1. How many nm separate the modelled label positions at Asn192 and Phe248, each set 7 Å beyond the Cα in the direction of the Cβ?
2. Taking the Cβ-Cβ separation of Thr121 and Ala202 as r and a Förster radius of 41 Å, what is the calculated FRET efficiency to the nearest 0.05?
3. So what are the ³J(HN,Hα) numbers for segment 132-140, from phi and the Karplus equation (6.51, -1.76, 1.60; θ = phi - 60°), rounded to whole Hz, Gly and Pro as x?
4. Under the rule of -39500 (n - 2.57) per DSSP H run of 4 or more residues, summed and divided by the residues of the chain, what mean residue ellipticity at 222 nm is obtained, to the nearest 500 deg cm²/dmol?
5. Kindly provide the trypsin sites (Lys or Arg not before Pro) of segment 90-197 that DSSP labels as loop, not H, G, I, E or B, and whose Cβ sees at most 14 other Cβ atoms within 10 Å.
6. With a 4.7 Å Cβ cut-off, tell me which Cys residues in the chain come up empty for a partner.
7. Using the Cβ atoms and a cut-off under 14 Å, what net charge is assigned to the surroundings of Ile198, where Lys and Arg are +1 and Asp and Glu are -1?
8. In whole Å, what are the extents of the chain along the principal axes defined by its C-alpha atoms, from largest to smallest?
Amino acid sequence: MNEQKKTKNPVILFFIRILQGALIGLGAVLPGISGGVLCVIFGIYKPIMEFLSSPFKRFRTHVPKLIPVIIGGAVGFLGIAKLLAFFLEKYPNPSVCLFIGLIVGMLPSLFSEAGEKGRTTGSFVSMIIAFVVIMAILISLNLMSVSITPNIWWYLFCGFCVAMSVIAPGMSFSTLLMPLGLYTPFVDGLGNLNMKVILPAALGAIVTVICLAKAIDKLFTKFYSYAFHAIIGIVIAATIMIIPFKSFTASAGSFFVNILCIAVGIIAALLLDKFNKRFSKE
């Protein structure tokens with residue numbers, strides 16, 4: 001595992017990895033912030049993908065190093081879920097606007113990560129195609145007035161999205177869950193430790209990792225720029241679809257609050273990104 005700051009003290013190293021795991025877990029559950037990107041920033045993505053691609057072969061060599069990361073990830077992921085559920089229920093529109101700000105604030109970082117290995121015309125083509133496809137799907141669902149009732153099958157899908165947010169850098173599981181109306185009930189279930197939500201989601205995540213980890217690892221290895229730019233297209237399309245346009249015109253007060261929440265979200269995301277970069281260099 002690549003540790004930017006070498007330390008001979010195993011106790012300090014253990015707690016550093018727990019902190020990294022907590023930030024990754026926090027990033028995984030917050031809309032717009034990708035746990036996979038934070039894994040890349042902290043130098044943890046490669047060993048995680050190596051383990052997930054060949055778990056039996058690399059169990060002894062990788063698991064001891066990843067245990068503190070897993071512990072921290074669980075604390076960060078579950079610890080913030082209940083708080084998010086509360087705000088989404090009590091203050092839905094300002095909360096969504098805050099999340100939109102977080103997503104917008106993370107876009108420069110995502111774009112920078114996407115171009116790490118260079119860009120071509122094909123990179124932007126893949127971003128546009130992904131944007132158009134996702135917009136078409138989500139608009140079609142809205143026009144057909146499709147009402148999704150959360151159940152065991154949809155929570156399996158939620159698990160799929162969570163797994164993808166880790167194994168596909170740049171993908172946030174909220175990207176698809178929020179437009180479908182699944183984010184709030186899913187986060188609420190996590191925060192309340194509802195096994196009817198957690199168990200199917202865990203199963204969906206495990207199946208996704210088993211089936212797709214190796215393929216996605218190869219995809220990002222061979223077509224890094226195309227894949228990452230496509231994810232940016234997905235993120236932009238899904239973000240546009242969750243903007244609460246009606247609440248902006250409801251009153252001057254709601255307009256001001258929404259704009260303020262977006263601004264706070266952008267600033268928070270930029271500060272988190274700055275902290276991550278500074279932390280990874282230490």
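Nothing in this text is a laboratory measurement; each read-out follows from the coordinates by a stated rule. As the structure is a prediction and not an experimental result, all values here were calculated from the model. So basically every Cβ, Gly included, is an ideal-geometry build from the backbone, and we count neighbours across all protein chains shown.
1. It is 3.3 nm.
2. Efficiency at R0 = 41 Å is approximately 0.50.
3. The phi angles translate into 5, 5, 5, 4, 4, 5, 5, 5, 4 Hz.
4. -27000 deg cm²/dmol
5. Within segment 90-197, the qualifying trypsin sites (Lys or Arg not before Pro) (loop, at most 14 other Cβ atoms within 10 Å) are Lys117.
6. Cys39, Cys158, Cys161, Cys211
7. Details: positive: Lys82, Lys196; negative: Asp188.
Spelling it out: positives minus negatives among the neighbours equals +1.
8. Ordered largest first, the chain gives principal extents of 58, 46, 37 Å.
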